[in-house]
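Have a look at the structure below before the remarks.
The values are calculated or read from the model by the stated rules, or taken from the named source; none is laboratory data. Remember, it's a predicted structure, so these values are computed and weren't measured experimentally. Heads up, the Cβs are rebuilt from the backbone with ideal geometry, glycines too, and the neighbour counts pull from every protein chain shown.
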């Protein structure tokens, strides 16, 4: 059931069966209801998530403004990457489901272990994560430019 | 301006020659129209009537040179919705800011028989050194047409349009031949903001920089050219150090030529 | 000598003082004469009344950033180089009311300015004719024509002058615009020692000579004229290599030379305002205080004006470097894509009248020489 | 590869003098956001009102005597040229004064000017329309055109972005657009908890689309920075340069190529622009202070 779902995902289509099996072993399906908090900024890590359907907001708490959404994610997007990066000890943003959402969670610690044990699989995983982080960096830079402040008349 | 009442205008004077206020009085015909549109609440030069604040628009002439004036400008600011510095003195400290490069006490002892009666600040300060200023109207004196533009735009509620370009534009519009190129007369026009309708070059003199530096001046290049025309570096320094000598671009240029 | 009407293409000779007869004929035909005259230590273009107003016996010395009027004492009328003014001040005036707006009740009425003076231009050089032809492309030959320019241009009578006196900052040979005038004139004139050699450029040109005594030009005059032109060509103060220039400039938008010239450039706008082809303008509203009537006035503007490239949110060219680059790349590069010709005629005004003597031929050569 | 030709028209202005405006009355003002309103204009002269036509992406010069003139794109349906809409943000002297006008006021209008979105040469292709902030205004006529001729286009996606949800332009129309088989993706740079849509800069939304580079055309208008990154994302998806169209803004005084202010390299943005394909502007797109 879970394996079937995973197999349809473009992420996994290219994986060798052995590698695929290893990831299935550490995966669990999770669902969140609308508005449910998934984790908070500063929480300890446990899972990396791949959204199957729904929408998740990444949030930062700003004093006097409350939780500000800085990015929303949908189908096939990954979040919770900080859990797999040993250098970062805690969640860098909060996450909340803005719609009923289904995701697949991968145990972060075990993800690191299987990457260490099998560098081919590890390369695959970390290349995916690097792309995710690069995307976040790029999005954040554009947000920093505050481009609408110099908008046209 | 809030609807329902005539905007109240005040004119305050600090250390200055009164020339800018005279420009306002010089508006004669237009002044009648202005008088119809605004209530002149405080204008010591023009009227004995002196009404208390608050004022909608306050025009400030002159520089701040005494402790008493510091208090006076702060009071004027508190009473004013929109405060405009008019003229070189109010904007840059004026010609009297020449003392900013010297020891004022030495001057006092040289000039006055009884120096102890003289109470003055060490420097001549622009209004903006003490209070926030909403708009600055350049010139020594200010231009009548720019003053009318200021008043009209405030009445309509738009930003006043004053040139950002140099005096050269006005020379060319009126067909004046460049005195620097054709006669070798040092002219601050290329570095000076327009507004006077290029008065001096039209009378065969170089520009004195009454309207202060343009938005993007290049006074060092211009000063070097004055040297090529035969001026000493001290003369170049003095050329920048006149009515608007304490505005940053001219001040820095004057100091560079003084030191070199 | 006869005084019948010479036909276009014909070369004739008149005595020098017969020029006054031509002037009188033009005035009788309601032309306002504008031409060279001495004022403010320079030879400028203004309204003139008679031949005596011409700068007889005067000449000038020019260099980068310097112009000096000098007494030549040779009794010649056209023995000077182009000065601070150009004919664009008459065809495309520095300030021109486009229309007026009158408020009436809730409505507003717009009335176009139909004024159209009729000028006779006296003493137009080859480079200047080329400049007029360039402005024609801008104001007359696009999808939209400028009615003010059009009227002034169509009504203008042009007495051209073959240039026997190129200056230190001239390079019309490089731009192929002079020293001899080619076409686009009613009459062209070459000043010889004892007489004027005239070429008839149009029927109107011939008609205006109806009251003049003239005789057909002989080989002596024609040879003398040719020799003067050859001499002038040899005495050009400057040159500009135009081969592949647009590509070279546009491929070097980040060349370090732009930084160097920005150190000297005053952004004072003189180069653009004396240029006979520069056409940028701004529009200003001049209102009476009661706000009932507004005149919309077009004024000369310049890409060196800080306000020129202002859009909401800021100035797109806050630094002098970008403004100089805009000017030079427009004049010597993108102009070609826009109008099928470079925007420079080699008159040298921008070099002479730059207060600090920046030389566009030198700047273009520097970028050509040190391509990145 | 088909080269898309730009469509241009000259001014339809009946006056011999292109700089003299016609008069028009403001018949309706609709507030879009705190500082943005859409003005409905109607020419005073019946003949002009009936003759006036424009192409999607073109602009008019709006004139207030004593205040000045400003170039504003037309944001209404080119199929109904009699109803002329301009969505205007209060930003400068002229737009500030416009914001103070009431229904019934008379202003000067001349136009239309400039190049258009190549809606006809985009027929048969997939179309992605990307508007950032008020940049959606000049795109709306193209959207109306596409809706009117929906069957002539493949997949149509509209990407509308703004800084905050309150800044989004025309949000009430998105559902109507969707009813015509158009995918409308909406995103904002930041939002609070009440916002249930996308948060993320406009270019990031390309990760949610899978455009077919072989048959996709892009129209984009918005802040120049945004368009730059939209272009990069489009190029990364193998959409050819000549099928990416941007609408550029420069200072404009005359709109007919006389005043020189709007020059962008060889282009007068009032004539050859504001809409230009990326292959034409590429040499200058990343040059500083150009």
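Whether a residue is over 25 Å from residue C:45 (Cα atoms), in the same structural domain as residue C:79 (by TED's automatic domain parsing) and touching a strand residue (DSSP E or B) at 6+ places or on another chain (Cβ under 7 Å) was assessed, and residue C:210 does not pass this test. Of D:41, D:85, all but one fail to be within 14 Å of chain C (Cβ to nearest Cβ), out of contact with any helix residue (DSSP H, G or I) (no Cβ under 7 Å at 6 or more places or on another chain) and modelled with pLDDT of 95 or more; the exception is D:41. Counting only residues that are surrounded by 17 or more Cβ atoms within 10 Å (Cβ to Cβ) and closer than 26 Å to residue B:128 by Cα, the stretch B:221-260 holds 15 of them. Is it true that residue B:213 is crowded, with 23+ Cβ neighbours inside 10 Å, on the phi < 0 side of the Ramachandran plot, more than 10 Å from chain C (Cβ to nearest Cβ) and at pLDDT 95 or above? For residue B:213, the condition - crowded, with 23+ Cβ neighbours inside 10 Å, on the phi < 0 side of the Ramachandran plot, more than 10 Å from chain C (Cβ to nearest Cβ) and at pLDDT 95 or above - is met.
All of C:213, C:285, C:193 fail the test of being within 14 Å of chain D (Cβ to nearest Cβ), on the phi < 0 side of the Ramachandran plot and surrounded by fewer than 21 Cβ atoms within 10 Å (Cβ to Cβ), apart from C:285.
Selection within the stretch C:28-48: residues that are away from chain B (no Cβ under 14 Å) and either touching a residue at least 24 places away in the same chain (Cβ under 8 Å) or surrounded by 21 or more Cβ atoms within 10 Å (Cβ to Cβ) (or both). The member of this set that is nearest to residue B:186 (Cα to Cα) is C:35.
If you check D:124, D:108 for being away from every other protein chain (no Cβ under 11 Å), over 20 Å from the mean Cα position of the chain (by Cα) and modelled with pLDDT of 95 or more, only one passes: D:124. Scanning the stretch C:1-27 for residues that are over 15 Å from residue C:208 (Cβ atoms), touching a strand residue (DSSP E or B) at 6+ places or on another chain (Cβ under 6 Å) and exposed (fewer than 15 other Cβ atoms within 10 Å of the Cβ) turns up just one, C:1.
Inspection of the stretch B:162-169 identifies at least one residue that is more than 16 Å from the chain's Cα centre (by Cα), buried (at least 18 other Cβ atoms within 10 Å of the Cβ), at the interface with chain C (Cβ under 10 Å from one of its Cβ atoms) and assigned to a helix (DSSP H, G or I). Here is a check on your reading of the model: is residue C:355 under 21 Å from the mean Cα position of the chain (by Cα) and either surrounded by fewer than 20 Cβ atoms within 10 Å (Cβ to Cβ) or facing another protein chain (nearest Cβ under 7 Å) (or both)? When the stated conditions are applied, residue C:355 passes them.
Within the stretch C:61-73, is there a residue that is in contact (Cβ under 8 Å) with a residue 24 or more places away in the chain, more than 13 Å from chain D (Cβ to nearest Cβ) and outside any strand (DSSP E or B)? Taking every residue of the stretch C:61-73 in turn, at least one turns out to be in contact (Cβ under 8 Å) with a residue 24 or more places away in the chain, more than 13 Å from chain D (Cβ to nearest Cβ) and outside any strand (DSSP E or B). Restricting attention to the stretch D:222-240, the residues that are out of contact with any strand residue (DSSP E or B) (no Cβ under 7 Å at 6 or more places or on another chain) and within 11 Å of chain A (Cβ to nearest Cβ) total 6.
Please go through (1) more than 26 Å from residue B:158 (Cβ to Cβ); (2) in contact (Cβ under 8 Å) with a residue 60 or more places away in the chain for residue B:108 and return the number of the only condition it doesn't satisfy. Against the list (1) more than 26 Å from residue B:158 (Cβ to Cβ); (2) in contact (Cβ under 8 Å) with a residue 60 or more places away in the chain, residue B:108 comes up short only on (2).
Give me a count of the residues in the stretch B:170-198 that are more than 22 Å from the chain's Cα centre (by Cα), more than 30 Å from residue D:95 (Cβ to Cβ) and outside any loop (DSSP other than H, G, I, E, B). Residues meeting the conditions: 7.
Scanning the stretch B:170-188 for residues being buried (at least 24 other Cβ atoms within 10 Å of the Cβ), more than 8 Å from every other protein chain (Cβ to nearest Cβ) and within 17 Å of residue C:300 (Cα to Cα) gives a total of 1. Residue check: residue B:81 meets all listed conditions (1) under 22 Å from residue B:138 (Cα atoms); (2) touching a helix residue (DSSP H, G or I) at 6+ places or on another chain (Cβ under 8 Å); (3) outside any helix (DSSP H, G or I); (4) without any contact (Cβ under 8 Å) to a residue 40 or more places away in the chain but one, namely (2). Could you check the stretch D:98-214 for strands (runs of 3 or more DSSP E) lying wholly inside it with 3 or more residues that are not assigned by TED's automatic domain parsing to the domain that holds residue D:241? Those strands (runs of 3 or more DSSP E) span D:106-113. On the stretch given as the stretch B:57-73, residues that are part of a helix (DSSP H, G or I) and closer than 12 Å to residue B:14 by Cβ total 6.
For the stretch A:9-24, how many residues meet the condition of being free of Cβ contacts under 8 Å to residues at least 40 places away in the same chain and under 18 Å from the mean Cα position of the chain (by Cα)? Of the residues in that region, 2 qualify. Once the stretch B:145-161 is narrowed to residues that are touching a residue at least 60 places away in the same chain (Cβ under 8 Å) and touching a strand residue (DSSP E or B) at 6+ places or on another chain (Cβ under 7 Å), the residue that is surrounded by the most Cβ atoms within 10 Å (Cβ to Cβ) is B:147.
Return yes when residue A:137 is at pLDDT 90 or above, more than 12 Å from the chain's Cα centre (by Cα) and surrounded by fewer than 20 Cβ atoms within 10 Å (Cβ to Cβ) and no when it is not. Answer is yes for this residue.
Within the set C:221, C:260, the sole residue that is over 30 Å from residue C:322 (Cα atoms), over 26 Å from the mean Cα position of the chain (by Cα) and not in a strand (DSSP E or B) turns out to be C:221. Step by step: first the residues of the stretch C:289-305, then only those that are surrounded by fewer than 23 Cβ atoms within 10 Å (Cβ to Cβ) and more than 9 Å from chain D (Cβ to nearest Cβ), then the one that is farthest from residue C:344 (Cα to Cα). Which residue is that? Among those that are surrounded by fewer than 23 Cβ atoms within 10 Å (Cβ to Cβ) and more than 9 Å from chain D (Cβ to nearest Cβ), it is C:290. Among the residues in the stretch D:200-211, are any more than 30 Å from residue A:134 (Cα to Cα) and surrounded by fewer than 23 Cβ atoms within 10 Å (Cβ to Cβ)? So far as the stretch D:200-211 goes, no, none of its residues is more than 30 Å from residue A:134 (Cα to Cα) and surrounded by fewer than 23 Cβ atoms within 10 Å (Cβ to Cβ).
Results for (1) under 23 Å from residue C:335 (Cβ atoms); (2) buried (at least 22 other Cβ atoms within 10 Å of the Cβ), shown as yes or no for each residue.
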| position | (1), (2) |
| --- | --- |
| C:141 | yes, no |
| C:151 | no, no |
| C:159 | no, yes |
| C:165 | no, yes |
| C:178 | yes, yes |
| C:182 | yes, no |
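Would you pick out the residues in the stretch C:307-342 that are buried (at least 19 other Cβ atoms within 10 Å of the Cβ), more than 8 Å from chain D (Cβ to nearest Cβ) and assigned to a loop (DSSP other than H, G, I, E, B)? Matches in the stretch C:307-342: C:342 only. Counting only strands (runs of 3 or more DSSP E) that sit completely within the stretch A:13-128, those holding 1 or more residues that are within 14 Å of chain D (Cβ to nearest Cβ), surrounded by fewer than 18 Cβ atoms within 10 Å (Cβ to Cβ) and on the phi > 0 side of the Ramachandran plot correspond to A:66-73.
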